[in-house]
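Each remark here refers to the structure printed beneath this line.
The values are calculated or read from the model by the stated rules, or taken from the named source; none is laboratory data. Everything quoted here is computed from the prediction, not taken from an experiment. Positions of Cβ are generated from backbone atoms using ideal geometry, with glycine treated the same way; all protein chains shown enter the neighbour counts. Side chains included, ligands, DNA and RNA excluded: accessible areas come from the protein's heavy atoms. Shrake-Rupley method; radii C 1.70, N 1.55, O 1.52, S 1.80 Å.
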Amino acid sequence: MKNKKSFAPQEAEARPSRCPDNSAFKQQRLPAWKPQLTIATVLSTFFLTGAFCLSVGICLILSANSVREIQINYSDKCSDCSKLRENSYNWNIECLCSVDFKLKEDMLGDVFMYYGLQNFYQNHRRYVISRSDAQLLGRDVNVQRSYCAPFTTYNNGTPMAPCGAIANSMFNDTIDLFYNFNSSVIQVPLLKTGNSWWTDKNVKFRNPQSHNLSSAFAGTARPPYWQKPVYLLDEEDERNNGYINDDFIIWMRVSAFATFRNLYRRISRKRHFADGLPAGNYTFHISYNFPVTKFKGKKYVILSTMVWSGGSNPFLGIAYVVCGAAATLTGFIITAIHLKLRKKKTYFQK
């Protein structure tokens, strides 16, 4: 037994040590700066942060309030077309309606036209995943193995292009704007391209490789709710067809809220509209195709200008003002507590 115990210290010395090296890094002896939180530094930090946030928030709110915007609900004004679209068998019957409105002031600068939807939930999980990103990149894929079901193939086996619930429910109203100038009617020129994100247009969406776009989509069929195939979405501009169509790309970027707006057109600044939209009487001519009565929705057309901070949404400015007010209020509370404790300390010293 004594012989066995005599070997124990030697075996312990033979085993490698698990202690960290005696270095400044591993022994945590590196030089460091530790801030000294005095009352002056703390109060100055709170007050400077509050002043910065308040000034930025006020600038953002004033900028958002300077945006000129007009919003028109046309789902009720086009009630006859809305009733016609309640029956899905009338999908091939064209229905037109007109909505008159008046601009009391000029909308100077770049003017953007949006369509808005209310009570349309794009954030449902099954809806969001109902697409094939590989197909939208122009690849030859088996859509039956994707998440597009039930909008994958027809009963005869013909695949849908594009597949999925998002593409099938694409907004397809056609909206034209006319300016009633004196006794004449002038159509406002609208730009239908250049409205989508660059990354979407050039990275996320591609057409199949072929010498002809119609032959590239041979053997496929349009989604059930579409009126024309994907390669004829824009019959005036061949470069704006297929999966790289701007309206289609914008629709495929789903919204997180039930009420949202998507960019539809931009006003082309030429001739009478070089400076924007002048004040006067206008008319929307709408080809009503998108039904909303089944989900108790509403449809809007929005005309809006743009400023350096974006659109007319004041949320960011309000958030800055709230944070600045909270920081300033905290600074005053700390000041009051400090003065109160200092008075007590002075009293007890006496």
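Before moving on, here are some points about what is shown:
- Any hit, segment 62-69, residues being assigned to a helix (DSSP H, G or I), out of contact with any Ser or Thr (no Cβ under 9 Å at 6 or more places or on another chain) and closer than 30 Å to residue 277 by Cα: yes
- Segment 271-298 residues that are in contact (Cβ under 8 Å) with a residue 12 or more places away in the chain and at positive phi, paired with ones that are loosely packed, with under 14 Cβ neighbours inside 10 Å and part of a strand (DSSP E or B) (beta carbon under 9 Å, 6 or more apart): 276/108; 280/102; 280/181
- Within segment 23-74, the set of residues being of a type in the set (A, V, I, L, M) and open to solvent by 70 Å² or more (accessible area, probe 1.4 Å) comprises 30, 32, 37, 48, 58, 62.
- Number of positions in segment 86-112 that are closer than 13 Å to residue 68 by Cα and either among the hydroxyl-bearing types (Ser, Thr, Tyr) or surrounded by 11 or more Cβ atoms within 10 Å (Cβ to Cβ) (or both): 8
- Applying the set (1) in contact with a Lys or Arg (Cβ under 8 Å, 6 or more places away or on another chain); (2) surrounded by 14 or more Cβ atoms within 10 Å (Cβ to Cβ) to residue 306 leaves exactly one unmet item: (1).
- Residues of segment 231-245 satisfying the condition of being of a type in the set (Asp, Glu), without any contact (Cβ under 8 Å) to a residue 40 or more places away in the chain and part of a loop (DSSP other than H, G, I, E, B): 235, 236
- Consider segment 137-176 and keep the residues that are without any contact (Cβ under 8 Å) to a residue 24 or more places away in the chain and of a type in the set (Val, Ile, Thr). The one that is surrounded by the most Cβ atoms within 10 Å (Cβ to Cβ) is 143.
- All positions within segment 121-136 that are buried (at least 20 other Cβ atoms within 10 Å of the Cβ), assigned to a loop (DSSP other than H, G, I, E, B) and not charged (D, E, K, R): 130, 132
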